[in-house]
Amino acid sequence: MNGRPGPLLGAPPTPEKRVVRPHRTLLRSRDGIGHVQLDWAPAPGTAGYVVLRADHYEGPYAPLRPRPVLPPYADTHAEAGRGYWYRIAPRTAEGPQPPLPGPVRGCALAPGSEPAHVRVRVDAGTPHRPAHITGDGARALVTATAAVTAADGSAIEVRLVNAAPDRPGAASVPVLGRHVTVEIAGLEPGAPYALRADGPGCGPTAYPGPDGLVRTTLVLPLPGRRTLRLSRDRTHPVPAKEDSGPWTPPPPSRSAPPSSSS
């Protein structure tokens, strides 16, 4: 015997103490047309975050929506030109947690003379990779997925979605509409491709340049979904490359004989 008492027979096991590690993440804000975009890196084991907003740094902070969300998040109910302060509160297996320190400030922008733009780039050679999305509202409003729709890889489909979690209804919000430029790389240079979209905004045929890139711009309202389909057009021949052959110097010019005087 070492003198230490053992557990009593029939006694319930002593519950293990769960070690709660400090939650560390950095909240970032970006001012956009018609919204404030918030982004952060979720911590492992977190089910989501409740976004809170206040008119002043000191608060009081109120949740924008009761259900937790994952980043990025767009506050589309922010009044243009008015500053707000934001915090996030994690939701873990233990339940709701207090808001994290470090509020950030954001201010929605009013629409200007130019429409808000988003750029989506996909590679036809590696469609399994996520689309690269940049611009005003990228990932928080506008998302994109790509998939190959032909066995030989000659057709690709790009699906575009413009939606906001805080606007679940079907009412259109013009200020949140976006002009989306879709770039599809990895195509055969000079080969004809047929372009189709479920709506206006793109030409029927596209010819990739020397870099194998096709680019087209579509109008995407909120809420809105559009699908761009690109496939190899077998009805149009591939433009022949000009081949002038090897260069040969021109024949030497012969001077005219002198005229005889009478």
Pull up segment 126-144, narrow it to residues that are exposed (fewer than 14 other Cβ atoms within 10 Å of the Cβ) and β-branched (Val, Ile, Thr), then point me to the one that is farthest from the chain's Cα centre (by Cα).
Thr126
Within segment 200-234, residues being open to solvent by less than 30 Å² (accessible area, probe 1.4 Å) and closer than 20 Å to Thr149 by Cβ number 12
Select from segment 65-113 the residues that are basic (Lys, Arg) and not in a loop (DSSP other than H, G, I, E, B) and write down the one among them that is farthest from Leu222 (Cα to Cα).
Arg91
Those residues that are among the basic types (Lys, Arg) and part of a loop (DSSP other than H, G, I, E, B), I need them from segment 139-176; list them, please.
Arg139, Arg167
Within segment 77-125, restricting to residues that are open to solvent by 10 Å² or more (accessible area, probe 1.4 Å) and among the hydroxyl-bearing types (Ser, Thr, Tyr), the one that is farthest from Gly48 (Cα to Cα) is Ser113
Would you check which residues across segment 123-145 are at pLDDT 95 or above and among the hydrophobic types (A, V, I, L, M, F, W, C) and list them?
Ala131, Ile133, Ala138, Ala140, Leu141, Val142, Ala144
So in segment 24-45, with the set limited to residues that are part of a loop (DSSP other than H, G, I, E, B) and either hydrophobic (A, V, I, L, M, F, W, C) or open to solvent by less than 50 Å² (accessible area, probe 1.4 Å) (or both), which one is farthest from Pro98 (Cα to Cα)?
Gly34
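The values are calculated or read from the model by the stated rules, or taken from the named source; none is laboratory data. What you see is a predicted model, and the numbers here were worked out from it, not measured in a lab. Positions of Cβ are generated from backbone atoms using ideal geometry, with glycine treated the same way; all protein chains shown enter the neighbour counts. To get the accessible areas, we keep the full protein, side chains included, count just its heavy atoms, and leave off ligands, DNA and RNA. Shrake-Rupley method; radii C 1.70, N 1.55, O 1.52, S 1.80 Å.
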